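Colleague: Pasting in a structure now, in structure tokens, and then I'll have a few things to ask.
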Amino acid sequence: MFDLNKLLRPNILNLKPYSSARDEYEGKVGIFLDANENPFGNGLNRYPDPHQRELKAAMSRLKNVSREQIFLGNGSDEPIDLLIRAFCRPGKDKVLLNPPTYGMYQVSADINDVETVKVPLTNDFQLDVASILKETTPVKIIFVCSPNNPTGNAIDANAIKALLEQFEGIVVVDEAYADFSVSESFVSMVKDYPNLVVLQTFSKAWGLAGIRLGTAYASEAIVDVLDRVKPPYNVNTFSQRVALEALANVDSMRGYVTQILNERARMKEELANFAYVEQVYPSDANFLLIKVAEPLALYNFLVEKNIIIRDRSRMTGLAGCVRISIGTKDQNEILLSAMREFADVINEEQV
Ligand SMILES: *Cc1c(COP(=O)(O)O)cnc(C)c1O
């Protein structure tokens, strides 16, 4: 049923990828006069490993998948773009999104001149599987974000499995927030589903948004496609080094996650106490979506106090909503006290 070669753009199927100096000679020792590098310098004079071998070996051990099922990109935004570029012919093929969701899918599609078909999430922010599968416009890729940004909830695993089993194109499961969720990750399922791509990132739980490193887990065949389309040296030496250090110290990441989850639980209760907070949505991520009476006024009030949250009130189905990332205990306390002041402002207006 699933035929990768039929799904690929013909120019990508037939692509002869760039062969770098480091592809043609893979040894580690020697006098390297093959890449027009500068012979002086502290190691950064050399090009990075285009295949990120050490890093993939470490990730393979941590995630219990084979190295051939791992693609590394310049943030997970890079594989989002590469997937659209590899599978969708500009002006012809389409991708399917489930709003309200992460904005980069739409932007990447727009940049590639690829139309999006939108099937909104249900009222409880779950996939509308029946409507997705009934969609008559042919689509190449479905983007599912779980836990979903900006709603915060994990998507029902059986709904995702139904798509994987019944949709003949690629199903991307974006798990940027997986480390904050008790739901099972789909990474271990890449061996079962030839059309599954799971995205994760170092930007959230690992606390390394600055190094721009994202991961796509998929079948060897799909990873091979991404590798052929990517810029040869897409993950720089510095990012590879920092990620290796982080992987050697997984406990520190787990420590961050524990603190953030404790604060999330506390903030959930605190926020629910405000009269002007109409709803605090359940969260499986490192942020809370709340519904308030005057989202824009709250946003502007907080900006005046140098506290920046995200106004999401103009997104599909999110009238009145703002998204608040979980900060440190001190940062969260400062937010709460500013929100108490905002309550006074609203009360005065009403007098
Ligand atoms: C933050 C986030 C990412 C991370 O993107 P990077 O490019 O890896 O920083 C990916 N997907 C979603 C849904 C996000 O919210």
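Colleague: Which residue, of P99, P138, P150, P120, is within 13 Å of the chain's Cα centre (by Cα) and more than 25 Å from F71 (Cα to Cα)? Give the derivation first.
Modeller: Details: P99 fails: within 13 Å of the chain's Cα centre (by Cα); P138 fails: within 13 Å of the chain's Cα centre (by Cα); P120 fails: within 13 Å of the chain's Cα centre (by Cα).
It is P150.
Colleague: Name every residue in region 229-239 that is within 16 Å of L83 (Cβ to Cβ) and within 16 Å of the ligand (Cβ to nearest atom), in order of residue number.
Modeller: Across region 229-239, the qualifying residues are K230, P231, N234.
Colleague: Can you pull out the residues in region 212-228 that are surrounded by fewer than 18 Cβ atoms within 10 Å (Cβ to Cβ) and either within 16 Å of the ligand (Cβ to nearest atom) or among the hydrophobic types (A, V, I, L, M, F, W, C) (or both)?
Modeller: A221
Colleague: Let me ask another. Taking region 151-179 on its own, how many of its residues are within 16 Å of the ligand (Cβ to nearest atom) and farther than 28 Å from P90 by Cα?
Modeller: Residues that pass the stated criteria total 8.
Colleague: Does region 271-287 hold any residues that are more than 18 Å from F342 (Cα to Cα) and either of a type in the set (G, A, S) or buried (at least 21 other Cβ atoms within 10 Å of the Cβ) (or both), and which are they?
Modeller: To start, the set of residues in region 271-287 that are more than 18 Å from F342 (Cα to Cα) comprises 281-287.
Passing the criteria: S283, A285, N286, F287.
Colleague: Here's a follow-up. Just for region 31-51: of the residues that are of a type in the set (F, W, Y) and either assigned to a helix (DSSP H, G or I) or without any contact (Cβ under 8 Å) to a residue 24 or more places away in the chain (or both), which one is farthest from the ligand (Cβ to nearest atom)?
Modeller: Taking region 31-51 and keeping what is of a type in the set (F, W, Y), we get 32, 40, 47.
Adding the requirement that they be either assigned to a helix (DSSP H, G or I) or without any contact (Cβ under 8 Å) to a residue 24 or more places away in the chain (or both) leaves 32, 40.
Numbers: F32: 31, F40: 33 Å.
By that ranking, first place goes to F40.
Colleague: Here's another thing I want to ask about it. Can you find a residue in region 43-61 that is basic (K, R), closer than 19 Å to R228 by Cβ, in contact with a Leu (Cβ under 8 Å, 6 or more places away or on another chain) and surrounded by 11 or more Cβ atoms within 10 Å (Cβ to Cβ)?
Modeller: Yes, region 43-61 has at least one match.
Colleague: Scanning for something more than 30 Å from T258 (Cα to Cα), small (G, A, S) and more than 16 Å from the ligand (Cβ to nearest atom), does region 180-198 turn up at least one residue?
Modeller: no
Colleague: Restricting attention to region 52-98, and to residues there that are small (G, A, S) and either modelled with pLDDT under 95 or farther than 14 Å from Y217 by Cβ (or both), which single residue is nearest to the ligand (Cβ to nearest atom)?
Modeller: Within region 52-98, the subset small (G, A, S) is 57-58, 60, 66, 73, 75-76, 86, 91.
Filter once more, so that each one left must be either modelled with pLDDT under 95 or farther than 14 Å from Y217 by Cβ (or both): 57-58, 75, 86, 91.
On the way: A57: 21, A58: 18, G75: 3, A86: 18, G91: 26 Å.
The selected residue is G75.
Colleague: Related question: Could you list, in sequence order, all residues of region 241-300 that are in a helix (DSSP H, G or I) and among the polar types (S, T, N, Q)? Before the answer, list the steps.
Modeller: Step one: list which residues in region 241-300 are in a helix (DSSP H, G or I), which gives 241-247, 250-272, 295-300.
Of everything in region 241-300, those that are in a helix (DSSP H, G or I) and among the polar types (S, T, N, Q) turn out to be S252, T258, Q259, N262, N300.
Colleague: One residue is enough: does region 102-109 have a residue meeting the conditions buried (at least 21 other Cβ atoms within 10 Å of the Cβ), under 17 Å from P138 (Cα atoms) and within 16 Å of the ligand (Cβ to nearest atom)?
Modeller: Yes, some residue in region 102-109 is buried (at least 21 other Cβ atoms within 10 Å of the Cβ), under 17 Å from P138 (Cα atoms) and within 16 Å of the ligand (Cβ to nearest atom).
Colleague: Which of the residues spanning region 148-186 are in contact with a helix residue (DSSP H, G or I) (Cβ under 7 Å, 6 or more places away or on another chain), closer than 24 Å to I290 by Cα and assigned to a loop (DSSP other than H, G, I, E, B)?
Modeller: Within region 148-186, S183 is the sole residue that qualifies.
Colleague: Which condition breaks for P138 when tested against (1) more than 15 Å from M315 (Cβ to Cβ); (2) outside any loop (DSSP other than H, G, I, E, B)?
Modeller: The one condition P138 does not meet is (2).
Colleague: Check region 125-136 and report whether any residue there is of a type in the set (V, I, T), surrounded by fewer than 20 Cβ atoms within 10 Å (Cβ to Cβ) and without any contact (Cβ under 8 Å) to a residue 40 or more places away in the chain.
Modeller: Taking region 125-136 first, the residues of a type in the set (V, I, T) are 129, 132, 136.
With surrounded by fewer than 20 Cβ atoms within 10 Å (Cβ to Cβ) added as a condition, the list becomes 129, 136.
Next, from what is left, pick out any that are without any contact (Cβ under 8 Å) to a residue 40 or more places away in the chain: 129, 136.
The answer is yes, given that some residue of region 125-136 is of a type in the set (V, I, T), surrounded by fewer than 20 Cβ atoms within 10 Å (Cβ to Cβ) and without any contact (Cβ under 8 Å) to a residue 40 or more places away in the chain.
The values are calculated or read from the model by the stated rules, or taken from the named source; none is laboratory data. This one's a predicted model, so the numbers in the text were calculated from it and none came from an experiment. Please note: Cβ atoms are built from the backbone with ideal geometry, for glycine as well, and neighbour counts cover all protein chains shown.
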